[in-house]
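Beneath this line is the structure, given in structure tokens, with notes to follow.
Only the coordinates and a few stated rules stand behind these numbers; no lab work does. All figures in this text were calculated on a predicted structure; none of them were measured in a lab. All Cβ positions, even for glycine, are placed from backbone atoms using ideal geometry, and neighbour counts span all protein chains on display.
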Amino acid sequence: MFSEFLLEILTSATVSSILSGLLIWMTKSWIAERLKNSIKSEYDQKLETHKAQLKGIMDIEIEKLKSNLSIAAAERQIKFSKLHEDRAQVIAETYSLLKNVFITFNDYVKFFVPPGDKPREERKIIAVQSHNKLRDYYPRKIIYIPHTTAEKIETIDKELVSTFNKFTDQVDQTKGVGNWREWNEVTEKMSGEITQALNELEVEFRALLGDEN
């Protein structure tokens, strides 16, 4: 009987110990799980708050960047418009002066002089003055004109000066006596090669100003 009683006590103590240990473990596990969930929840909240703050900051910075880009684009557009306006003015003035050189040179070397027209010497002075105006204006504005176009202008100008000098030396100095061949060469060059070059330059100038026709 005593042994059975002792066994019962030991068994009860063991079971109690096991149950107590199990209860303690379950309690620790439950507390640990609650603590972990609490920490996770708090972390998730802080993370979402941090994300929201970062998004807010990023949105503000993006809007600032968009605004700055818009301002910069507007400033570039204004500068481009002003540059285009300045270029258009330079092109128009350059072509006008160059065309006037051609007209006055052509007037100087012409074959037939209508009654009441200016004497050749006076027409020569006018031609020289028109060329001086071109050379006074164009080199100071050349930055507005593309390099290839500027080269064409220089080529036309050199051809005009060369033709002018040829007429002066071979025709005008001799008053045109016996120099009909040279005179004819000069007028043909003015009406042919130089006129064509001027027409091509006019087309190029129009293209620079946006005329696609």
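For this structure, a couple of remarks:
- Sequence of I143, I156 once ranked by neighbouring C-beta atoms within 10 Å, starting from the fewest: I143, I156
- Listed residue pairs exceeding 25 Å between alpha carbons, taken from K99/K124; K110/K158; K110/K141; K124/K166: K110/K141
- Evaluated over region 86-132, the Cα radius of gyration and Dmax, each in Å: 13.0, 43
- Taking 0.36 nm per residue of sequence separation and removing the Cα-Cα distance, the A150/N199 pair yields an extension gain of 16.1 nm.
- Considering only alpha-carbon pairs that sit under 8 angstrom and 6 or more positions apart, the relative contact order computed for region 82-208 is 31 percent.
- Across every pair of non-identical alpha carbons in region 82-208, the mean reciprocal distance, once inverted, gives a Kirkwood radius of 15.4 Å.
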